[in-house]
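Down below is the structure, laid out as structure tokens.
The values are calculated or read from the model by the stated rules, or taken from the named source; none is laboratory data. Small disclaimer: the values here were computed from a predicted structure and weren't measured. For neighbour counting, all protein chains shown are included, and Cβ atoms are generated from backbone atoms with ideal geometry for every residue, glycine included.
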Amino acid sequence: MIARLSELKPGQQGIIREFIDNDIFLKLMEMGCVPGERILLEQIAPLGDPISVNVAGYHLSLRLNEAEHILVEINN
């Protein structure tokens, strides 16, 4: 199943498949969000933004508008 990273719930993980927006592509790649990398949604802030993920062995905070551009394959 393919979903946007912003649609995952805490504890769900998937594999990054592609980016929807090419404008944010380079920024996300520099942060370790590369296609084929496993990503885990760890927490969502109390007001829903930002989210905390674990990718490439480190913790990363992403805004929801950034997470909406990341498509992940969920194996649950």
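Inside the stretch 37-59, can you point out the residues that are over 10 Å from the mean Cα position of the chain (by Cα) and of a type in the set (S, T, Y)?
Y58 - this is the single residue of the stretch 37-59 that is over 10 Å from the mean Cα position of the chain (by Cα) and of a type in the set (S, T, Y).
Give S61, S52 a once-over and let me know the one that is out of contact with any Lys or Arg (no Cβ under 8 Å at 6 or more places or on another chain), part of a strand (DSSP E or B) and at pLDDT 95 or above. Explain how you work it out, then say what you get.
On the way: S61 fails: at pLDDT 95 or above.
Step by step, each of S61, S52 is checked, and only S52 is out of contact with any Lys or Arg (no Cβ under 8 Å at 6 or more places or on another chain), part of a strand (DSSP E or B) and at pLDDT 95 or above.
Just to be sure I understand, how many residues within the stretch 37-64 are free of Cβ contacts under 8 Å to residues at least 12 places away in the same chain and closer than 15 Å to A3 by Cβ?
0
With respect to the numbered conditions (1) in contact (Cβ under 8 Å) with a residue 60 or more places away in the chain; (2) under 16 Å from I20 (Cβ atoms); (3) of a type outside the set (S, T, Y); (4) touching a Gly at 6+ places or on another chain (Cβ under 7 Å), which one is the sole condition not fulfilled by A67?
For A67, the exception is condition (4).
Can you pull out the residues in the stretch 1-36 that are in contact (Cβ under 8 Å) with a residue 40 or more places away in the chain, in a loop (DSSP other than H, G, I, E, B) and over 10 Å from the mean Cα position of the chain (by Cα)?
M1, Q12, I20, D21
Checking N75 against (1) surrounded by fewer than 11 Cβ atoms within 10 Å (Cβ to Cβ); (2) free of Cβ contacts under 8 Å to residues at least 40 places away in the same chain, only one condition comes out false. Which one?
The one condition N75 does not meet is (2).
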